[in-house]
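First comes the structure, then the notes that go with it.
The values are calculated or read from the model by the stated rules, or taken from the named source; none is laboratory data. Keep in mind that what you see is a predicted model, and the values were worked out from it rather than measured. Note: ideal-geometry Cβ built from the backbone for every residue, glycine included; neighbour counts use all protein chains shown. What goes into the accessible areas is simple: the full protein's heavy atoms, side chains included, and nothing from ligands, DNA or RNA. Shrake-Rupley method; radii C 1.70, N 1.55, O 1.52, S 1.80 Å.
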Amino acid sequence: MPMRRILFGHDLPARLVRVVLLTALAVTAGYLIAAVPAIELVELKTEDLRYRLRGERPIDDRILVVEIDDATREAFEQFPLERDKYALLSYFTPRFGATGVVYDLFFTEADSTNSGDLGFALVIDDAPDNTTVAIHPVESAYREHARSDQIDVTAEPLPGSIAIEPPGATLRALTSDGFDGPASMFSKALHASATAIESSDGSVRQVPLFVRVGDRFVPTLAVAAWMRLQGLDPSELHIDATTRSLCSADGEEILSLPPDLVAKIPFAGSTESLESHRVGMAEALRVLRRAQSDDATDAELHAARELFAGRVVLVGLTARSSYMVDYGVMPFDSSAPLLFAHVNLLDGLLRGAPLERFPDWISLLGTILFAALGIVLAGRIRPLLLGLVLVVLVGSLLALGQTIFVQTDRMVATIPHLAAVVLAYGGAGVLAFAGEERERVIVRRTFDRYVSPDLLEGIVERAGEIELGGTTRRVTILFLDIRSFSEWSRSIPADELVDELNAFFAEMVDVVFTHGGSVNKFLGDAILAVFGAPVATTDDPDRAVRSAVGMRQRLVAHNVARESLGKAPLRIGIGIATGDVVAGNVGDRRRLEYTVIGDPVNRAARLQSFSTAGQILVDATTAEALRSESHTVKPIGVRALKGLGDVEILEVDPKHA
């Protein structure tokens, strides 16, 4: 049943106010619901689901992960590995085209041999731009220097421009603060944060792009690796605190940063899908040693170049047998080394993927539009379709969000949108249903006196389609009057007159109802019946004529019963006219009455006055509209009707009635 009139009314400003208010309430409630901790967890799970629905995709070929895996531990029969192996990796990989080596390792303990630390330090000193080492965020000296036991991702606005950490500055500062350990020997390397952020459900979805240390920033491992591949000198970069962007020395924006400097990790796939980008440390060193040997073949040299050329090398611990590996839950993995969070972030940086969600203001605008659409749809469809349309609406919203994610790598919050749309749609549906029920009551009260019970139920079911205000309708009017009523009414007592009138009207009304008409009113000894309002059919003129014939036939049986009681028979005359009338509720709000107004009403009354007892007269419009062959009409002339001019009058032939 169309419900837009029930929900929105006829007044356009009032409609807009209702839509705006309901939309505002639904959107506000949707965002409040989304802020509930339990619902936030659901939102996070939908993010993981969206990654899996999108599917895995290959990562940038410039990324190579060198793993200290179980095979490496078995090959070298030790862990931690001696530093000479890292020195070998950092020294030779650039000679085969690697753009740099980034260690997701914390060198907090001395090597088993002093020569190992010294050799690694000399390699770094010889080419400091080639090596990045991780700093541990929970080292006591680091905490003291940063004045925090947490990583400070600097969400608050910062004045001016903040410099990027130059090589060595952090470890020199930490050493001066009493930092113990061999890491101070690697002070010329670029330092990076190896931290990832766990969400409230324990999964890893975010990484701070920079960690603040004093008045400077330390990049995360992925950013450090990205700088290597882009050929950027960290000492010439700074973060513009106003625009939240990574800029060159001359102020040119190089990378747009999230407001809080925390990036959403644009996951590419599972760790298993990265097989072509992974190699064990033992295997990598074997390839390098063979390629650097005096008797290296062309194939061995080619193998080294193919493995390392044009790639940044990320080195990290992935051995399942080691308790030192940090694992995290990720969209494609129930347990994966945190190194792969940085690998996925690096891939996103290389692809130019956005590092934050869809803009909040666009997301809010989309929520408002979908909520308003839900309200409009709820007011325009039938109740049986409400559930189906809601499913389509929610499905469209989810599909749109997934499409935006697949095409732009930006996540659109799901729960606020869904909650707002469901609340708006459901609220509009409830209001419309309540209004519909109220209108059903009004319609039932309006028409239960005029139409048959069966027709009344049909009208009530179509209440939303029934215009109770004034509307122009094409109808057929039947006017019946009792002949010699005045003489009859004076011959019997008043109470007996009323009883006999009621008995007569009951017979006539039953005939009208049988043929789908409505009794508009009783006028003393007359009946005004309408065919075509409040519900129209395609054969209203035929129904009116059949009803008139039925009245005449019913009167015969009624008179037989009267004569058996010694009462005089009744005689009637009937006039029928067709045309346009104004139909609707008329009166005061304290008492309204559904009625019809127009020339056809007056014409039917005049025709009735011309009819003789038992005669059925119709106007030309009615005669022309008759479709049934069960009755015929014959013209009896043109008469001047008061206030209506000349009217052609026809009679329903009693022989064929």
### Query
Which of the residues belonging to region 346-362 are surrounded by fewer than 19 Cβ atoms within 10 Å (Cβ to Cβ) and part of a helix (DSSP H, G or I)?
R351, D360, W361, I362
### Query
Of the residues G637, G643, which is without any contact (Cβ under 8 Å) to a residue 60 or more places away in the chain and part of a strand (DSSP E or B)?
G637
### Summary
How many residues of region 256-267 are in contact with a helix residue (DSSP H, G or I) (Cβ under 9 Å, 6 or more places away or on another chain) and open to solvent by 30 Å² or more (accessible area, probe 1.4 Å)? The answer is 1
### Message
What are the pairs with Cβ atoms under 6 angstrom where one residue, in region 270-282, is under 20 Å from G55 (Cα atoms) and the other, located anywhere, is in a helix (DSSP H, G or I)? Sequence gap at least six, or different chains.
### Response
T271/F340
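So, in region 624-649, how many residues would count as being surrounded by 13 or more Cβ atoms within 10 Å (Cβ to Cβ) and in contact with a helix residue (DSSP H, G or I) (Cβ under 8 Å, 6 or more places away or on another chain)? Don't jump to the end; show me each part of the working.
Step one: filter region 624-649 for residues surrounded by 13 or more Cβ atoms within 10 Å (Cβ to Cβ), giving 625-626, 631-633, 636, 639, 641, 644, 647-649.
Adding the requirement that they be in contact with a helix residue (DSSP H, G or I) (Cβ under 8 Å, 6 or more places away or on another chain) leaves 625-626, 631, 633, 639, 641, 644, 647-649.
Of the residues in region 624-649, 10 are surrounded by 13 or more Cβ atoms within 10 Å (Cβ to Cβ) and in contact with a helix residue (DSSP H, G or I) (Cβ under 8 Å, 6 or more places away or on another chain).
Conditions tested, residue by residue: (1) among the acidic types (D, E); (2) surrounded by 16 or more Cβ atoms within 10 Å (Cβ to Cβ); (3) at pLDDT 75 or above; (4) under 30 Å from A536 (Cα atoms).
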| site | (1), (2), (3), (4) |
| --- | --- |
| T367 | no, yes, yes, no |
| T408 | no, no, yes, no |
| M411 | no, yes, yes, no |
| P416 | no, yes, yes, no |
| G429 | no, yes, no, yes |
| G435 | no, yes, no, yes |
| V451 | no, yes, no, yes |
### Message
For region 58-97: of the residues being within 46 Å of the chain's Cα centre (by Cα) and acidic (D, E), which is farthest from N130 (Cα to Cα)?
### Response
D69
### Query
surrounded by fewer than 16 Cβ atoms within 10 Å (Cβ to Cβ), at pLDDT 80 or above, touching a Lys or Arg at 6+ places or on another chain (Cβ under 9 Å) and small (G, A, S), is that true of S200?
no
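Can you find even one residue in region 474-488 that is modelled with pLDDT under 75 and more than 30 Å from V19 (Cα to Cα)?
First, pick out the residues of region 474-488 that are modelled with pLDDT under 75: none.
No - not one qualifying residue is present in region 474-488.
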### Query
Hey, does region 574-592 have a residue that's at negative phi, of a type in the set (A, V, I, L, M, F, W, C), at pLDDT below 90 and not in a strand (DSSP E or B)?
no
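Can you pull out the residues in region 500-521 that are open to solvent by 30 Å² or more (accessible area, probe 1.4 Å) and free of Cβ contacts under 8 Å to residues at least 60 places away in the same chain? Full working, then the answer.
As a first pass, look at region 500-521 and keep what is open to solvent by 30 Å² or more (accessible area, probe 1.4 Å): 502-503, 506-507, 510, 513-515, 521.
Scanning region 500-521 gives N502, A503, A506, E507, D510, H515.
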### Subset of region 104-141 [in contact with a Phe, Trp or Tyr (Cβ under 7 Å, 6 or more places away or on another chain), at pLDDT 80 or above and under 17 Å from L221 (Cβ atoms)]
I124
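For region 284-297, state whether one or more residues are among the charged types (D, E, K, R), under 40 Å from the mean Cα position of the chain (by Cα) and open to solvent by 60 Å² or more (accessible area, probe 1.4 Å).
The first filter runs over region 284-297 and keeps only residues among the charged types (D, E, K, R), leaving 286, 289-290, 294-295.
Among the residues that remain, those that are also under 40 Å from the mean Cα position of the chain (by Cα) are: none.
Checked against the condition, which is being among the charged types (D, E, K, R), under 40 Å from the mean Cα position of the chain (by Cα) and open to solvent by 60 Å² or more (accessible area, probe 1.4 Å), region 284-297 yields no hits at all.
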### Among (1) out of contact with any helix residue (DSSP H, G or I) (no Cβ under 6 Å at 6 or more places or on another chain); (2) open to solvent by less than 50 Å² (accessible area, probe 1.4 Å); (3) touching a residue at least 60 places away in the same chain (Cβ under 8 Å) - the single one S609 does not satisfy
(2)
### Query
Could we say that S270 is surrounded by 15 or more Cβ atoms within 10 Å (Cβ to Cβ) and among the hydroxyl-bearing types (S, T, Y) here?
yes
#### Entry: Enumeration of residues in region 556-572 that are surrounded by fewer than 22 Cβ atoms within 10 Å (Cβ to Cβ) and within 21 Å of E651 (Cβ to Cβ)
V556, L570, R571
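For (1) among the acidic types (D, E); (2) surrounded by 14 or more Cβ atoms within 10 Å (Cβ to Cβ); (3) modelled with pLDDT of 90 or more; (4) in contact with a Ser or Thr (Cβ under 6 Å, 6 or more places away or on another chain), each residue gets a yes or a no:
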| residue | (1), (2), (3), (4) |
| --- | --- |
| L16 | no, no, no, no |
| T28 | no, no, no, no |
| Y31 | no, yes, no, no |
| R50 | no, yes, yes, no |
| P58 | no, no, yes, no |
| A71 | no, yes, yes, no |
| Q78 | no, no, no, no |
| R83 | no, yes, no, no |
| F92 | no, yes, yes, no |
### Task
Mind listing just one residue for me: the one in region 1-13 that is modelled with pLDDT under 65 and assigned to a helix (DSSP H, G or I) and, of those, farthest from G387 (Cα to Cα)?
L12
### Query
Among the residues of region 237-286, which ones are out of contact with any strand residue (DSSP E or B) (no Cβ under 6 Å at 6 or more places or on another chain), closer than 16 Å to A336 by Cα and of a type in the set (S, T, N, Q)?
S273
